[in-house]
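Heads up, the thing below is written out as structure tokens.
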Amino acid sequence: MIAHYKIPLTIIQGKNLEEEIRAKKVFPHPIYKDCIHTIINYPFNKYVKKQGAVAITGHHKKQRNGKSTMGFITYKKDITLINPLYAFDYPKSELMWEGYGQGFCRTACYCCPFQNEQQWEALKNIYPLLWNKMRELLLTCAVVALNDRPSEGVCVKNMKPYWEDRYGIKIKKSYVGKKKEINARS
């Protein structure tokens with residue numbers, strides 16, 4: 001927990017992801033991850049640059065994807081980002097954020113379509129109102145699926161067993177082109 005280290009915490013509010021999903025009637029794109037830029041990175045980077053602050057994340061090393069170059073300390077133009085949990089294994093990670101001790105496996109928005117079963121179960125147990133909001137979003141909004149994949153992409157692959165098979169919520173899909181074509185456009 002940040003209070004444990006006596007580090008001041010600033011909460012930066014970007015766009016509301018739930019409102020964005022409801023307005024578009026579709027969850028963020030699995031390749032573009034459009035939510036990360038508009039909801040997280042843009043307001044975060046703007047604040048950090050303006051304040052000349054050092055940014056400390058709650059991401060742990062198990063959240064890194066295989067392509068990530070982020071280490072314990074990352075220097076970007078005008079930004080210093082520190083990832084203290086990259087240096088710790090699990091029991092100590094709870095000192096940074098108690099959510100890890102409550103069953104969460106990553107830091108994420110409650111309505112992130114990239115969650116897995118462990119994350120949704122922790123959300124259901126700890127924040128049942130947010131879990132119910134996620135359920136309501138799934139009833140009206142589509143999940144982006146890739147039409148060149150048997151699994152239709154990570155979001156559909158992770159959501160179907162949990163939401164469709166366990167809770168009977170049919171995953172609505174919004175199909176997009178092949179991954180190669182999408183990567184060529186970005």
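Laboratory data are not the source of any read-out in this text; all were calculated from the coordinates shown. These numbers were taken from a predicted model, which means no experiment stands behind them. For neighbour counting, all protein chains shown are included, and Cβ atoms are generated from backbone atoms with ideal geometry for every residue, glycine included.
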So how compact is the range 94-169: Cα radius of gyration and Dmax in angstrom? 13.0, 42
Taking K and R as +1 and D and E as -1, what net charge do the other residues with C-beta under 11 Å from the C-beta of CYS111 add up to? -1
Pair GLU19, LYS170: separation of 7 Å Cα→Cβ label points (nm): 3.1 nm
Any chance you could run the full-extension gain for THR80 through ASN125? It's 0.36 nm times the residue separation minus the Cα-Cα distance, nm to one decimal. 12.7 nm
Inter-label distance for LYS133 and ILE12, nm, one decimal - labels placed 7 Å from Cα along Cα-to-Cβ: 2.1 nm
